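Trainee: Please find one structure pasted underneath; my questions will follow.
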Amino acid sequence: MNDFFNPQVPELFLTLSQRFGLLLAGGFAVMTVTSIDKLGPRRDRPVWATALLVVMFGIFGVLGTYSGNVVFQSFANLRGMVVITAGLFGGPVVGFGAGLIAGGHRYLMDIGGFSALPCALATLIEGTAAGLVARRFAGNSLDWRLALGLTLAGETLHQGMVLTMSQPFATALAVVQVIALPMIVFNSLGAGFFVKALSLQMRYRQAQNRDLARQILSIANQTLGHLRAGLTATSARATAAIIMDEAQVPAVAVTSGQTILAHLGAGEDHHVSGGVVLTKATQRVIDSGEPLFVRGRADISCPEPSCPLTEAIIVPLRKGDTILGCLKLYGTRRQPLDETLFELAKGLADLFATQLELENIGIKNQLLAHAEIRRLQAQINPHFLFNSLNTIASFCRTAPAQARELLLDLSRYMRRNLDSSRGLIRLAEEIEQTSAYLAIEQARFGQRIRIDVDLGPGAQDCATPPLIIQPLVENAVRHGILPRPEGGLVRLAAWRENGHLLVEIHDDGVGMPPEQVRAITSSVELESLTEGIGARNSNQRLVQLFGPDYGLKVTSAPGEGTSISLRIPQ
């Protein structure tokens, strides 16, 4: 042990500490300027990524060989900290590959040297063992304590292999007495630092990604209602304002073709909303279809000499395969942009493309809903019109005034029916058509049809799709109460609640069996026109317009009447 105080030992400590710092600094630099942490502990890593990690850690392992002094024709080195970090970070294949490169280089540079073989084998064993440990502790392999312990054991094994496999033994002992402690200390500390740095880098990147995802989803959620209506000046301005508030950038612009739909923030004195696009960089993105991050006023190419914009992130806004325009984030000298904002803009462009696609879906749903109304109009029972005219004709001699009122009711009913393919209408208009229908039916059947209408405060002004309520009331009359000799009561109630219009139609008629109730809310096509086309149509249109949560709720049983309720968002 007296050889521990050999002057070479302190000198070796100093040399290894200097090389140790340089090697760690190089590793940190690589982690900072690349996304190497994204290739970390995972089994679905592509082959090219595994090969990249093997080569990178292998090169660092080779550099680790030149980290110390030559002692008795042997090399004090820092290979161990590199290959063990490689194994813990990349798994068995990366650990083995890095160990093979670094160990193979050590052997080839000193073929026949008295410690070449044990040193090369020790390096290979360390890298492979670390990779197997990483597989055993999947998800928790980047622990500095694990790295330090593995390296301590690996470098101790390394020195033992030099003692047992190198000849002459006296020289091997002299070498180990000088290099053992410095190598064990610095390799163990280095592996711990290296693994801790990789772990911190991965956590930092994950935190960045979480914040970025939160930002993107927050912006997408706020802009959804605007962009679903299409890329217009109004939706563009609302979108730009939301992005400015969330991303905290100096300026945001949205363009369509060669027109600036909206520009908020710095430079809006000459980048005027409604004006022509001024920057050549925007045209480059429209032509290429690729996102662009430009730094410098010359690259932005704004013709205004006093323009404060010095950086720009420009991403295309697509709708299918067509480029509708661009989303642009601008930076200034005092508030520059960065790569995180570039990723944010690209993510937003992808989500906006989906939102703009929803515009087409919304239009198709509206057209489908209108087509359903036309289909329902075409299927109105012609017997109703025939019977109504017969009833009115019979009143012409006995009660002319009542006949006149019935003609007006029929006129109102037909006019509303023919004009019901437009969008949402006031509930009052739907009630007027329903009342006209009921007045005619009451004239035919007298006291067999009793009506109770209860409208809550403000309900009449609520919006509703046309031909939703009247078919339900007609079903209640024809299929609910008229099959009973004594008739019955149909009650119609509507009220406002929690931002919705709630409507309930109840009759005390003959009711329906469960299979008929299921048929009303089923999406299966009707087999005949006697299955309740009005109720089925009302249910399907509500679902098309507002979603599956807004279908009819039907409660009925034979002999116990029927209740149908619906909600319409306001």
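Trainee: With the requirement that a residue be surrounded by fewer than 18 Cβ atoms within 10 Å (Cβ to Cβ) and at pLDDT below 85, what does the stretch 545-569 give you?
Mentor: Scanning the stretch 545-569 gives 546, 547, 548, 549.
Trainee: Looking at the stretch 318-327, which of its residues are over 14 Å from residue 258 (Cβ atoms) and either buried (at least 23 other Cβ atoms within 10 Å of the Cβ) or hydrophobic (A, V, I, L, M, F, W, C) (or both)?
Mentor: Of all residues in the stretch 318-327, those over 14 Å from residue 258 (Cβ atoms) come to 318-322, 327.
The one that is over 14 Å from residue 258 (Cβ atoms) and either buried (at least 23 other Cβ atoms within 10 Å of the Cβ) or hydrophobic (A, V, I, L, M, F, W, C) (or both): 327.
Residue-wise test of (1) under 16 Å from residue 85 (Cβ atoms); (2) modelled with pLDDT under 90.
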| site | (1), (2) |
| --- | --- |
| 118 | no, no |
| 132 | yes, no |
| 155 | yes, no |
| 199 | yes, yes |
| 202 | yes, yes |
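Trainee: Something else now. Go through the stretch 296-315 and give me each residue that's touching a Leu at 6+ places or on another chain (Cβ under 8 Å) and not aliphatic (A, V, I, L, M). Walk me through it before giving the result.
Mentor: Start the filter on the stretch 296-315 by keeping residues that are touching a Leu at 6+ places or on another chain (Cβ under 8 Å), which leaves 297, 300, 302-304, 311-315.
Result: 297, 302, 303, 304, 311.
Trainee: Here is a follow-up. Checking the condition assigned by TED's automatic domain parsing to the domain that holds residue 61 and in contact with a strand residue (DSSP E or B) (Cβ under 6 Å, 6 or more places away or on another chain), which residue from 166, 115, 141 passes? Before the answer, list the steps.
Mentor: Numbers: 166 fails: in contact with a strand residue (DSSP E or B) (Cβ under 6 Å, 6 or more places away or on another chain); 141 fails: in contact with a strand residue (DSSP E or B) (Cβ under 6 Å, 6 or more places away or on another chain).
Matching residue, one of 166, 115, 141: 115.
Trainee: Only one of these conditions is not met by residue 506: (1) under 16 Å from residue 441 (Cα atoms); (2) in contact with a strand residue (DSSP E or B) (Cβ under 9 Å, 6 or more places away or on another chain). Which number is it?
Mentor: It fails just one condition, (1).
Trainee: Please go through the stretch 115-167 and pick out each residue that is crowded, with 19+ Cβ neighbours inside 10 Å and not in a helix (DSSP H, G or I).
Mentor: 115, 141, 142, 166, listed by residue number.
The values are calculated or read from the model by the stated rules, or taken from the named source; none is laboratory data. Please read all numbers here as calculations on a predicted model, not as lab measurements. We place every Cβ from the backbone using ideal geometry, glycine too, and count neighbours over all the protein chains shown.
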